[in-house]
Each structure stands twice: as C-alpha cells, then as structure tokens.
Amino acid sequence: MAIIGGTGLAGLADLSDTRRRVVRTPYGDPSCALTFGRIGTTDIVFLARHGYGHTIAPHEINYRANIWALREVGAERIIAVATVGGIRDDFGPGEVIVPDQIIDYTHGRKATYFEGSGTTVTHVDFTEPYDAELRRLLLDSAARAGETIHDGGCYGCTQGPRLETAAEIRRMARDGCDLVGMTGMPEALLARELGLPYACIAVVANHAAGLGSSRRSISMSGIQGVLDTALGRVHGLLSACC
C-alpha cells in the first residue's frame, strides 16, 4: 500500500523496519525519496507530497513522477492524505472526510501520461474518481477504530499556492464543492491512468475563505493546532487499514 502525506504529514510514526530509496522516473524526480516499512503485516511505501522539508508548492509538485515512482516500486493501491478547507456547514476544522467526487480548477499542470509524439490518444473513465473498494476500506476501518469520519463530499482542487477569495468559495459552493484543496488533481487522475486504486483522506484545517471563523480572514496560526489533533486521528485510521 502506498500512502501519500500532505501538509502536516511528512512521516508515519507507526512505520517499522524503515528504509529509504531514491527512485528516478521518465518524468523526472519525485518529491522526495520513498520510505519503505511495515504497519502491522502490511508493506507500506510512503511519499511526502511536498517533500520532507515541505518545500514544494502545490503547483510545482511533479505529480507524474510521484505516481509513476509508486507504481514502479510495486504499490498496488494509494491512500492520499490531504489538508483542506471546509465549505459545507458540517465540515468544520478538525473533521475528517473520505470524498467521493472532485472538481478540477487547476491549470497548466502536467495532468496525463497520454501525450507526446507517437502516443495513442487515450480517454480514461473518471466518472467515479475515487476507488469504491478503497473508500469502503477507509470507512470500515474508521468504524472499527471508533473514529467518526464523513462518507462522501466533493473536493474542489484549486491552483494555489495562494488561498481562495471569498467570492471564489461562493462560486465553488454553487458548483457543488464541499471541500477546497490544492493537490487532489491531477494526482487522482494519474493514479487512474496507471490502474492504481486511489482514495483520499481529507482533513479540514480551517473554514474556507468567507465562512465561519474565516469570514474576515484565515488565521494561519490556528491551523497547526487543528492539524496536530486531527492528523493524530489519521495515523490511527491508517494503522487500522493495515
């Protein structure tokens, strides 16, 4: 199983027998060396999406290299952890969601493996962007672990690295978005193109711009405290899946 860590999740405390490996790909270098280990009886490969020093902005991530590298080392499925803003009323700070849909607002990102001279034009079905069985594993594991998480929600993926305006969040709400983040695409699509089941654990760090406690501005200082608590729950959820 591959686990991709987002903001605040640069490693896995429960990972044992760890080793790191640098992987090269036809699409350049991944965000960082891959970390291998075990949780329980499950072999894990971990990748820090923003690099181990959190130095790579969302629009600068080499998503193609990341997903290719995970497949290259034998990953069979991917669980991605993402920090997001909450748009829906009940998706406040600290809530954990397993989204089931996504809307892509990004631009200019390398978003497919099917391009270039001599490459056959290929259209992949993306009706359901997250793998149903992997989503069910997360939900069932949360239930066994006594964790309350939300089943379903639409992730709106923006370009970043800036946060959104209040007007943009109102538009996204009208579009049907429940969450806003910056890294969900093209990550989910690339996994689909390589045939890797992919699901997301979305951790709400703050109300989105113009909403709730972020009505006037977003307090960056308050986000870390929320993440420290919520990501501790995510560690437990990941362990329960293994």
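The values are calculated or read from the model by the stated rules, or taken from the named source; none is laboratory data. Just so it is clear, the model here is predicted, and its values are computed rather than measured. Quick reminder, even Gly has a Cβ in these numbers, built from the backbone with ideal geometry, and neighbours come from all protein chains shown.
Taking only the range 129-161 into account, find how many residues are loosely packed, with under 12 Cβ neighbours inside 10 Å, of a type in the set (D, E, K, R) and either at pLDDT 95 or above or part of a strand (DSSP E or B) (or both).
Selection size over the range 129-161: 1.
Can you pull out every residue in the range 25-55 that is farther than 15 Å from Asn66 by Cα and small (Gly, Ala, Ser)?
The answer is Gly37, Gly40, Gly53.
Looking only at the range 25-38, how many residues end up being surrounded by fewer than 14 Cβ atoms within 10 Å (Cβ to Cβ) and in contact (Cβ under 8 Å) with a residue 40 or more places away in the chain? Spell out how you get there, then give the answer.
Our first condition is that a residue be surrounded by fewer than 14 Cβ atoms within 10 Å (Cβ to Cβ); within the range 25-38, this holds for 26, 28.
Among the residues that remain, those that are also in contact (Cβ under 8 Å) with a residue 40 or more places away in the chain are: 26.
Residues flagged as surrounded by fewer than 14 Cβ atoms within 10 Å (Cβ to Cβ) and in contact (Cβ under 8 Å) with a residue 40 or more places away in the chain within the range 25-38 amount to 1.
For the range 76-105, enumerate the residues that are among the acidic types (Asp, Glu), in contact (Cβ under 8 Å) with a residue 60 or more places away in the chain and within 14 Å of Ile149 (Cβ to Cβ). Break it down stepwise before answering.
Keep residues of the range 76-105 that are among the acidic types (Asp, Glu), which gives 76, 89-90, 95, 100, 104.
Checking the rest, the ones that are also in contact (Cβ under 8 Å) with a residue 60 or more places away in the chain come to 76, 90, 95, 104.
Selection gives Asp90, Glu95.
Looking at the range 54-63, can you tell me whether even one residue there is in contact with a Gly (Cβ under 7 Å, 6 or more places away or on another chain), closer than 21 Å to Gly195 by Cα and not aliphatic (A, V, I, L, M)? Before you say what the answer is, go through the steps one by one.
Of the residues in the range 54-63, the ones in contact with a Gly (Cβ under 7 Å, 6 or more places away or on another chain) are 57-59, 62.
Filter again for closer than 21 Å to Gly195 by Cα, leaving 62.
Those still in the list that are not aliphatic (A, V, I, L, M) too: 62.
Looking through the range 54-63, at least one residue is in contact with a Gly (Cβ under 7 Å, 6 or more places away or on another chain), closer than 21 Å to Gly195 by Cα and not aliphatic (A, V, I, L, M).
Return the residues of the range 137-147 that are farther than 23 Å from Gly195 by Cα and touching a residue at least 60 places away in the same chain (Cβ under 8 Å); say none if nothing qualifies.
Ser141, Ala142, Arg144, Ala145, Glu147
Hey, any hits in the range 53-68 for a residue that's on the phi > 0 side of the Ramachandran plot and of a type in the set (Gly, Ala, Ser)? Working first, answer last.
Quick first cut of the range 53-68, residues on the phi > 0 side of the Ramachandran plot only: 54.
With the extra rule that they be of a type in the set (Gly, Ala, Ser), the set shrinks to none.
No, the range 53-68 has no match at all.
What residue, of Gly85, Gly74, Gly108, is under 30 Å from Ile218 (Cβ atoms), at pLDDT 95 or above, over 17 Å from the mean Cα position of the chain (by Cα) and among the small types (Gly, Ala, Ser)?
Checking each option against the conditions leaves just Gly108.
If you check every pair at least six apart or on different chains, which have Cβ atoms under 7 Å apart with a residue in the range 112-136 that is among the aromatic types (Phe, Trp, Tyr) first and a residue that is at pLDDT below 95 and not in a helix (DSSP H, G or I) second?
Qualifying pairs under 7 Å: Phe114/Val121; Phe114/Thr122.
Hey, could you check the range 57-72 for residues that are buried (at least 16 other Cβ atoms within 10 Å of the Cβ) and of a type in the set (A, V, I, L, M) and say which is nearest to Met182 (Cα to Cα)?
Across the range 57-72, the extreme among qualifying residues is Ile61.
Across the range 162-195, what is the number of residues that are basic (Lys, Arg) and either surrounded by fewer than 16 Cβ atoms within 10 Å (Cβ to Cβ) or assigned to a loop (DSSP other than H, G, I, E, B) (or both)? Before the answer, list the steps.
So in the range 162-195, the residues basic (Lys, Arg) come out as 162, 170-171, 174, 192.
Subset that is either surrounded by fewer than 16 Cβ atoms within 10 Å (Cβ to Cβ) or assigned to a loop (DSSP other than H, G, I, E, B) (or both): 162, 171, 174.
Qualifying residue count for the region: 3.
Considering Gly5, Gly28, which residue is at pLDDT 90 or above and at positive phi? Give the steps one after another, and end with the answer.
Working: Gly5 fails: at positive phi.
It is Gly28.
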